[in-house]
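Written out below as structure tokens is the structure these notes cover.
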Amino acid sequence: MVSVEPGLTRRWRSGSNAVLLVRSPEDPDRVRAALTAGLADIAALGPAFAPEPIAVPAGHLMIIDFGTRPPSRFATVPDLIAGRLVAAGITDAAITTPGRIGDRYAVVTGLGPIARAWLRGPVGRPLGDAPRGAGDLLRIAAGWVRDTAPGLPPRGVVVSAEVELAWPGVVDALLPALRTGAPVSVVASDFATTATVAAVAGTLGGTVKQATLTAAGQDVTLAMRAQRDLARAEAERLAWAGVEAAPTARDALSTHWEGRRPGGEHVPDLIVPAAMWFQVLSPGHLARLGGPPPGAEPLGAGRVGLTVGEPEQWLPGHPDEAGVRARAGQLLAACLVDEDTGLRLMRERLTAARARDTDGFFPGR
């Protein structure tokens, strides 16, 4: 039997989106194929966005962004999906509402001050020479959560849905969602005073690999030093890394540079988003800088690490913060580009990637 949770669509709100969880013990490939076929039915209703089904430990997530259309227009979606499952011969499935991140995550993102590490993997083919996929970053990030918060159980966030996790299976549980292009996070928190959060994304077909590590409700300076140790140890796997302090954990579930350097996600081996306490710089950065900056330490594979001042000086409100930030900005000036330069570098990389694309990565080529 294929069942639909009663009252499922009554909770949908204007200006939002719907997230459905399809559970089934049957062949996941056949289930996924049926859900993918159902996207054609959903597309006919005119959503702003309806991505491919996302694999999670409990089944598959389906997301429908209403855009400006009323949710009532999409009231038939659960029945359309059920019809596709039945047509594919799926006899045991349930269409339900997944657990969603809510008010308690607002507690997490409101904690501060925090230590944050930014990790960027080598750009994948055809934008760069590395393999596509952010699996390595997920393994690094999940290991950091496990080692930093050993007494708290892990929880997973896929887009906006929460999934139950357990060590040591966190990476295996989240990797399928990451491979479909969905952002994932690992959260260990008491949802009151402390949180350790790792967010990972592999955008643009897994070519752009990003992660952030956030430690909140902890000794910020100790956490920053531990994040530096991790970045140093993993430097050969990274295109860039940075460690900083921030006022709150507002963006703990995001991997984005928040618009600091437009286009920078595509060229993390050439530019940096901001002056930070510690950064891993790769050969592309060093070429722009004319060599390692004063005080840099060799890390192997052509990478160097740069630390400016002590972590205490970078805490929000510290009297030395402006001075150490200005010093780091001077040392990294050639990599702290303006918006026009960032966008130009991005366009140049995309143009070169199109020219070297031999496996149809870019549609219509």
* To do: Could you please let me know if D229 is open to solvent by 10 Å² or more (accessible area, probe 1.4 Å) and in contact with a Ser or Thr (Cβ under 7 Å, 6 or more places away or on another chain)?
  => no
* Structure fact -> Within the range 84-113, residues assigned to a helix (DSSP H, G or I), farther than 30 Å from G217 by Cα and open to solvent by 40 Å² or more (accessible area, probe 1.4 Å) come out as R84, V86, A87
* Structure fact -> Checked A201, A173 against criteria (among the hydrophobic types (A, V, I, L, M, F, W, C), assigned to a strand (DSSP E or B) and surrounded by 20 or more Cβ atoms within 10 Å (Cβ to Cβ)); the one match is A201
* Just name the residue that is nearest to D338 (Cα to Cα) out of those in the range 275-292 that are of a type outside the set (V, I, T) and in contact with a strand residue (DSSP E or B) (Cβ under 6 Å, 6 or more places away or on another chain). => M276
* Asked: Among the residues of the range 266-273, is there at least one that is open to solvent by 20 Å² or more (accessible area, probe 1.4 Å) and more than 22 Å from G128 (Cβ to Cβ)?
  -> no
* Just to be sure, is R73 more than 28 Å from the chain's Cα centre (by Cα), of a type in the set (D, E, K, R), at pLDDT 95 or above and in a helix (DSSP H, G or I)? -> no
* Asked: Out of G295, G259, which single residue is part of a loop (DSSP other than H, G, I, E, B), open to solvent by 10 Å² or more (accessible area, probe 1.4 Å) and closer than 25 Å to G323 by Cβ?
  -> G295
* **the range 350-365 residues that are more than 18 Å from T203 (Cα to Cα) and hydroxyl-bearing (S, T, Y), paired with ones that are at pLDDT 90 or above and open to solvent by less than 90 Å² (accessible area, probe 1.4 Å) (beta carbon under 8 Å, 6 or more apart)** => T358/P126
* Structure fact -> Quick count over the range 229-256, residues being in a helix (DSSP H, G or I) and more than 20 Å from the chain's Cα centre (by Cα), is 4
* **Total residues in the range 307-345, condition at pLDDT 95 or above, assigned to a helix (DSSP H, G or I) and in contact with a helix residue (DSSP H, G or I) (Cβ under 7 Å, 6 or more places away or on another chain)** => 8
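The values are calculated or read from the model by the stated rules, or taken from the named source; none is laboratory data. None of the values given here were measured: they were computed from a predicted structure. Backbone-built Cβ (ideal geometry, glycine too); neighbour counts: all protein chains shown. Just the protein is used for accessible areas: all its heavy atoms, side chains included, with ligands, DNA and RNA removed. Shrake-Rupley method; radii C 1.70, N 1.55, O 1.52, S 1.80 Å.
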